[in-house]
Amino acid sequence: MIRLATPEDARRIAEIQVEAWRVAYSGIMPGEYLQALQVEPREAVWRGACGQEGAPVWVGAVKTGAESEEKLAGFCHLRPSRDEDGEGAAEVTSIYLLSDHWRRGLGRELLAAAMAFAAERDFVRVTLWVLVENLPAREFYEALGFRPDGRLKQEQKPGFCLNEMRYGWEVGAF
């Protein structure tokens, strides 16, 4: 089930983000950095982001247990592009899932919600930044029609550098 996030979802979104980073970026980012990630600062960020007009956050819930309870297992955030050449573009700033829900369709559903929203709002393009070394994520985006557009950037962190590449999807190509 995919739905728009509310501020009450912020804690769970932050927990998913921290857990997903620790798994997805293991071997890409230093282990000490990943283990030092904390939920609380991210919770505050997501509490402010949830429910903002024009920059939606979607959450994906899965059924768990014998009682078929739903538990949030992933999220996706879309906003107008922050890139200097991003006029008319939307940007997926975050899409993270708990690792035991990778390759089960939830990520595709979350991204499809973002892509549909972009089309409804007359964005011409959707972009996202991905770590160059994150091959599973790159393969996921490519399977959905996203393509590298040649833009690269580096983000300096304490003691290491992140190399990112931008992917783009032309609205209507899904």
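Residues of the range 103-141 with amide nitrogen under 16 Å from the 7 Å Cα-to-Cβ point of residue 170?
What the label zone holds, given the 16 Å backbone N cut-off, is 119, 123-127.
Just 160, 75, 117 to compare: in a GNM of the chain, with alpha carbon springs under 10 Å, which one fluctuates most?
Between 160, 75, 117, it is 160 that shows the largest mean-square fluctuation.
Going Cα to Cα from residue 71, which lysines come in below 19 Å? Please leave out same-chain ones fewer than 8 positions away.
63
For the range 108-133 and the range 1-37, what is the separation of their C-alpha centers, rounded to whole Å?
19
Name the most mobile residue of 142, 43, 155, meaning the one with the largest mean-square fluctuation, in a Gaussian network model of the chain with Cα contacts below 10 Å.
155
In Å², what does the accessible area per residue of the range 47-107 work out to with a 1.4 Å probe? Intermediate results must be reported in sequence, preceding the final value.
Values: 3200 Å² over 61 residues.
Heavy-atom accessible area per residue stands at 52 Å².
Mean residue ellipticity at 222 nm from the helices of the chain, using -39,500 (n - 2.57) per DSSP H segment of n ≥ 4 over the full residue count, to the nearest 500 deg cm²/dmol?
Dividing the helical sum by the residues of the chain leaves -10000 deg cm²/dmol.
Would you mind telling me which residue in 64, 127, 93 has the biggest mean-square fluctuation in a Gaussian network model of the chain, where springs connect alpha carbons within a distance under 10 angstrom?
Sorting by GNM fluctuation, first place goes to 64.
Roughly what % antiparallel, to the nearest 5, for the DSSP beta bridges in the range 32-158?
80
Over all alpha-carbon pairs in the range 26-124, figure out the percentage whose distance exceeds 24 Å.
It works out to 35 percent of all Cα pairs.
Hydropathy at least 0.0 by Kyte-Doolittle, axial extent at least 30 angstrom from the Cα trace: which helices of the chain, defined as entire DSSP H runs, fit?
Helix filter hits for the chain: none.
Stretched out fully, how many nm does the piece from residue 26 to residue 85 gain, at 0.36 nm a residue minus the Cα gap? Spell out each step's value before the answer.
Details: separation 59, 0.36 × 59 = 21.24 nm, distance 3.13 nm.
Extra length available between residue 26 and residue 85 comes to 18.1 nm.
If you roll a 1.4 Å probe over the range 24-174 with all protein chains in place, what percent of the accessible area is carbon or sulfur?
On the way: 3920 of 8080 Å².
Summing carbon and sulfur atoms, their accessible area is 48 percent of the total for the range 24-174.
If each residue of separation counts as 0.36 nm, what is the full-extension length gain between residue 116 and residue 63 once their alpha-carbon separation is subtracted?
16.7 nm
Could you check the spin-label model distance between residue 40 and residue 147? Points 7 Å from the Cα along Cα→Cβ, value in nm.
My value for the distance between the label points is 4.7 nm.
The values are calculated or read from the model by the stated rules, or taken from the named source; none is laboratory data. Since the structure is predicted, the reported quantities are computational estimates derived from the model, not experimental observations. Please note: Cβ atoms are built from the backbone with ideal geometry, for glycine as well, and neighbour counts cover all protein chains shown. When the accessible area is computed, the model is the full protein with side chains, heavy atoms only, and any ligands, DNA or RNA have been set aside. Shrake-Rupley method; radii C 1.70, N 1.55, O 1.52, S 1.80 Å.
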